[in-house]
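Peer 1: Before anything else, here's the structure in question.
Just so it is clear, none of the values below were taken in a lab; they were calculated from the coordinates. Since we're looking at a predicted model, the values are computed, not measured. Positions of Cβ are generated from backbone atoms using ideal geometry, with glycine treated the same way; all protein chains shown enter the neighbour counts.
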Amino acid sequence: MDAKQLKIRTAAEEERIRRIVGGSAEAFRALVLEFHALAYSLAYKVVGDERDAEEIVQDAFLKIYHALPQFRGDASLKTWILRIVMRLSLNRRRDRARNAWHRLGLHLLGGESESQYDAPDLAADPEATCIANDSRRLVMCFVDELPAALREALILNSFEELSYEEISRILDVPVGTVSSRIHAARRKLRGKLVQAQLL
Amino acid sequence: MSLFPWHKRPSGHDLSAYLDGELGSDDVDRIGEAIAFETLSRQQLDDYARVSQILDESLSPQVIPQSAAFADQLLAQLVLQPPGSGTAARTPTDRRRLLPSPKTAATALASIGILVTAGVTIAGLRRRRVA
């Protein structure tokens with residue numbers, strides 16, 4: 001079976017959920033071990049900050065633990081977990097963007113270990129703001145300049161194990177929309193990378 | 001330029017989906033044929049692949065915290081809470097949120113300083129006026 005094929009809730013998943021809801025710490029631990037790295041990577045890619053990503057993942061698993069009895073099973077556990085992580089990450093990102101410190105762009109002056117790429121959305125001249133020596137940082141800025149919908153699709157697509165179908169379930173949009181957004185994001189990013197002579 | 005002008009050049013959208021392994025077998029054959037003969041399509045596909053690679057190198061976390069340690073810490077917090085109880089104990093995250101950040105603390109201290117200075121100045125001016 002293709003690894004990227006959509007997985008819906010299976011009998012094994014049902015059994016696992018039943019055990020967790022029944023109070024099996026071992027079953028919940030196994031669930032955390034299976035999805036922790038994926039959840040952390042997603043949170044990090046969205047917020048760009050290690051501490052924030054750790055907190056988001058912790059909040060997400062606490063939420064998952066308490067919400068499992070209500071899990072309807074209309075998507076796979078993986079999709080459901082990533083949807084929760086994505087929502088929490090976007091909330092954190094939005095809250096930070098509202099923060100006056102970020103709105104004024106003061107975090108870009110350095111010193112604090114703030115996100116490396118959460119302000120340009122609001123900056124008057126993102127290109128100028130994002131001038132950096134480091135090409136990694138520059139790529140982060142380019143990604144940040146993408147419209148939110150394109151950026152979200154592109155970030156999820158950077159996980160090889162996620163198919164368009166799964167991304168569409170996480171973002172709650174049709175598969176065709178996911179495909180179009182990924183292509184549009186790639187095209188825009190390609191243009192910026194060429195301009196910056198990184199491609 | 002294509003060696004076979006009757007071949008329709010694949011769209012960027014198709015190339016993107018091809019790269020992600022999201023096309024059906026017929027489309028895969030069609031695109032495979034096109035990129036074998038068309039420089040432009042091949043170039044575009046290579047560029048998209050490189051964009052994905054750069055993105056992966058730039059966005060991925062340098063280090064992922066140990067899952068086992070994270071799981072143990074989480075379970076220690078949840079030990080007294082059955083799932084669905086909705087009575088989550090205050091987590092370290094929540095506790096951390098209650099503490100002001102260094103920036104907030106500095107701003108608060110500066111504000112207090114300004115208020116005290118202003119108060120003292122106004123009081124001094126009033127005293128002078130009375131005198």
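Peer 1: What does the extension gain come out to for A:V173 and A:A148, with contour length at 0.36 nm per residue minus their alpha carbon separation?
Peer 2: Residue separation times 0.36 nm, minus the Cα-Cα distance, leaves 7.6 nm.
Peer 1: Another question, if that's okay. Would you work out which of B:G21, B:G32, B:I54 lies farthest towards the positive end of the dipole of region B:12-59, given +1 charges on the beta-carbon of Lys and Arg and -1 on that of Asp and Glu, about the Cα centre?
Peer 2: After comparing all options, I get B:I54.
Peer 1: Moving to a separate point now. Along the charge dipole of region A:8-98, pointing to its positive end and built from +1/-1 on Cβ of Lys, Arg, Asp and Glu, which listed residue (A:Y65, A:A53, A:I84) has its Cα farthest out?
Peer 2: A:I84
Peer 1: Using the alpha carbons of region B:12-59, what is the convex hull volume per residue in cubic angstrom, as a whole number?
Peer 2: Here the figure is 63 Å³ per residue.
Peer 1: Calculate the FRET efficiency for B:K8 and A:L198 from the Cβ-Cβ distance with a Förster distance of 30 Å, rounded to the nearest 0.05.
Peer 2: The formula returns an efficiency of 0.45 here.
Peer 1: Give me the distance in nm between label points sitting 7 Å out from Cα along the Cα-to-Cβ direction at B:Q43 and B:T121, one decimal.
Peer 2: 6.5
Peer 1: Take the alpha carbon atoms of region A:139-199, find their center, do the same for region B:36-69, and report the distance between the two centers in whole angstrom.
Peer 2: Measuring centre to centre over Cα atoms gives 11 Å.
Peer 1: Treating each Cα of region A:1-99 as an identical point scatterer and ignoring solvent, apply the Debye formula and state log10 I(q)/I(0) at q = 0.15, 0.18, 0.19, 0.24 Å⁻¹.
Peer 2: Cα-only, vacuum Debye calculation for region A:1-99: -0.62, -0.85, -0.93, -1.27.
Peer 1: Now for a different question. Using 0.36 nm per residue, how much length does the chain from B:L109 to B:V130 gain when fully extended, once their Cα-Cα distance is taken away?
Peer 2: The span from B:L109 to B:V130 would gain 4.4 nm if fully extended.
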